[in-house]
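Participant: There's a structure below that I have some questions on.
The values are calculated or read from the model by the stated rules, or taken from the named source; none is laboratory data. These figures come from a predicted structure and were not determined experimentally. Here the Cβ positions follow ideal geometry from the backbone for every residue, glycine too, while neighbour counts run over all protein chains shown. The accessibility values were calculated without ligands, DNA or RNA, using every heavy atom of the protein model including side chains. Shrake-Rupley method; radii C 1.70, N 1.55, O 1.52, S 1.80 Å.
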Amino acid sequence: MRPLFPSNWPFCAGFSPFTEHLSIRGEDDNNINPTSPFRDDFGNINVVENFAKSLQHQLEGFNDEGEGDAQYDTDGSFFDINNYAEFDEDDFIDWYENSDDNNIASNQRKKRAANRYGYEFGVIVESNWYQKFLRPEICQRTYEESMDESSQFRCLFHMPLLKIDELVHLFLSSGWICPTKHCCGHNTLSIRAELLVMACLHVLGLAIPFGALSHNTNISTLEHCKFFHTFITKMHSVCDNYIYLPKYQQELDEIMDRYNDMGLPGCGGLIDVVHVKWSQCPAGDANCCKGKESHPSMAWEVISNNTCKIIGISYVQFGTRNDKHIVKIDKNVAKIRDGWFSQVQWEYNDMHFNVMTETGVYLICDGGYLRWPVLMCPYKHASIASREGYFSTKVEGACKDVECTFGILKKRWRILDYGICFYDIKVGNKILVTCCILHNMMLSKVQDDLVTPPVSHGIPTDGSGMWLEASSDVPAAVMSNKRWLAACWAKRRGALVDHLHMSIKQRG
């Protein structure tokens with residue numbers, strides 16, 4: 001006859017069905033209680049103890065031949081030991097699930113204490129920001145005042161209300177903001193979407209914690225936190241609509257003509273690396289991110305034009321990566337070096353006033369980059385009275401435009417200046433891309449205020465513990481023909497020096 005229960009069942013470890021009594025050891029027997037695991041699994045040991053007592057009571061009439069007399073159970077029901085001989089695990093589980101004691105035990109779960117102060121859903125039309133900026137009576141005045149950079153609205157949200165409406169329309173039309181139980185009407189949903197977007201701009205512009213937003217919007221802090229991540233994720237998904245290299249020859253000619261007026265023909269933009277402080281960098285990865293800065297940082301390579309518009313941005317890299325390494329894996333630089341930009345022709349004057357033709361657009365950079373024909377940097381230690389010194393002065397003056405872009409970006413969106421307080425490096429990358437998109441959206445307003453444009457001003461890496469979607473491995477084709485690239489770079493830079501020198505003679 002098979003045993004009543006498997007020997008590994010915890011409440012059966014202290015007895016045998018062929019003995020005359022059931023023994024469940026407690027603290028007095030070697031401090032071992034075999035029912036403890038069962039107590040942890042089922043939460044109520046009374047069910048097991050009652051069943052064991054019932055079984056012990058029926059086993060009292062069990063004889064050596066394995067025959068038992070039919071008896072009555074403790075609750076008066078008929079009990080036959082022969083039936084228990086065929087009892088298996090599935091039968092016990094069914095018995096346990098259908099037992100009254102188990103139902104009572106599940107109903108005896110500890111009730112959560114009531115909140116001292118009940119949570120009330122705020123009315124968004126009674127929020128501070130709505131009453132002060134978005135009410136129909138004063139909305140038109142807000143549109144006008146928000147165009148002024150010194151207005152209170154711009155100090156809080158760093159964008160005019162007209163641009164905020166564009167963002168709200170984008171999110172509503174794309175279905176990124178959905179109706180809720182307490183906000184299902186079209187007008188109410190629009191107001192709620194506007195408050196959520198304004199809160200995200202408030203966080204990006206002033207590095208305000210999420211807990212300081214609910215009293216101005218009557219929206220919970222958790223809702224603001226969730227929507228902020230949705231905001232940067234969706235903005236990152238539409239990055240190609242706002243940050244892109246020139247797609248057509250006409251767009252590129254507009255940029256090259258402005259640099260041609262400066263004496264730098266063939267220039268298609270400026271390039272440099274920006275570092276942003278990473279306040280919540282994992283402790284184990286601090287050494288991987290602490291480069292020239294005294295704190296952990298993340299680095300991006302940015303390409304801009306002379307109007308401070310960002311036309312290219314690389315994926316995030318560790319702060320220890322220098323400019324020479326990042327430029328090798330930057331996809332935007334690879335497009336300019338190998339794409340249709342490499343077939344663009346431009347003209348310059350040689351020392352004999354002959355018009356010469358050169359092929360391939362180049363980017364102006366500082367002295368920390370590689371000697372590639374696609375990258376043009378100033379001379380080091382050149383006399384200002386020499387031709388090389390004058391050329392270096394022009395190039396350094398043009399380089400200030402990209403530095404000015406970084407300054408505008410960090411001062412408008414203070415979260416980049418104070419430090420990104422998020423643990424995930426992907427979130428940091430989305431935040432910077434979002435700030436760059438908002439920066440480009442603001443350029444139409446900035447350029448209207450200017451009389452003339454300022455034309456003369458990571459797969460998990462080994463041991464790092466952080467995830468980089470962009471590869472950090474340098475392509476083999478980039479590492480080959482270093483001498484040939486350096487020779488082409490020197491020849492092109494010399495031609496630009498001669499062109500600038502002869503242009504001065506022509507004007508003189």
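Participant: Would you mind telling me which numbered condition in (1) of a type in the set (Phe, Trp, Tyr); (2) open to solvent by 20 Å² or more (accessible area, probe 1.4 Å); (3) at pLDDT 95 or above TRP413 fails?
Facilitator: For TRP413, the exception is condition (2).
Participant: Moving to a separate point now. Does at least one position in the stretch 271-281 carry a residue that is modelled with pLDDT of 95 or more and within 28 Å of MET502 (Cβ to Cβ)?
Facilitator: Yes: one or more hits.
Participant: Now for a different question. Could you tell me which residue of the stretch 332-355 is surrounded by the most Cβ atoms within 10 Å (Cβ to Cβ), considering only residues that are part of a strand (DSSP E or B) and out of contact with any Gly (no Cβ under 8 Å at 6 or more places or on another chain)?
Facilitator: So the first thing to find is which residues in the stretch 332-355 are part of a strand (DSSP E or B), and the list is 345-349, 355.
Then keep just the ones that are out of contact with any Gly (no Cβ under 8 Å at 6 or more places or on another chain); that gives 345, 347, 349, 355.
Working: GLN345: 10, GLU347: 12, ASN349: 19, VAL355: 8.
If we take residues in the stretch 332-355 being part of a strand (DSSP E or B) and out of contact with any Gly (no Cβ under 8 Å at 6 or more places or on another chain), then ASN349 is surrounded by the most Cβ atoms within 10 Å (Cβ to Cβ).
Participant: Say we look at the stretch 282-316 and pick out the residues that are modelled with pLDDT under 90 and of a type in the set (Asp, Glu); which of these is farthest from the chain's Cα centre (by Cα)?
Facilitator: Once the filter is applied, the top-ranked residue is GLU293.
Participant: Another one. Name the helices (runs of 4 or more DSSP H) wholly within the stretch 140-230 that hold at least 1 residues that are touching a Pro at 6+ places or on another chain (Cβ under 8 Å) and either open to solvent by 10 Å² or more (accessible area, probe 1.4 Å) or of a type outside the set (D, E, K, R) (or both)? Steps first, please.
Facilitator: On the way: elements: 152-157, 161-173, 186-206, 214-217.
In the stretch 140-230, the matching helices (runs of 4 or more DSSP H) lie at 152-157, 186-206.
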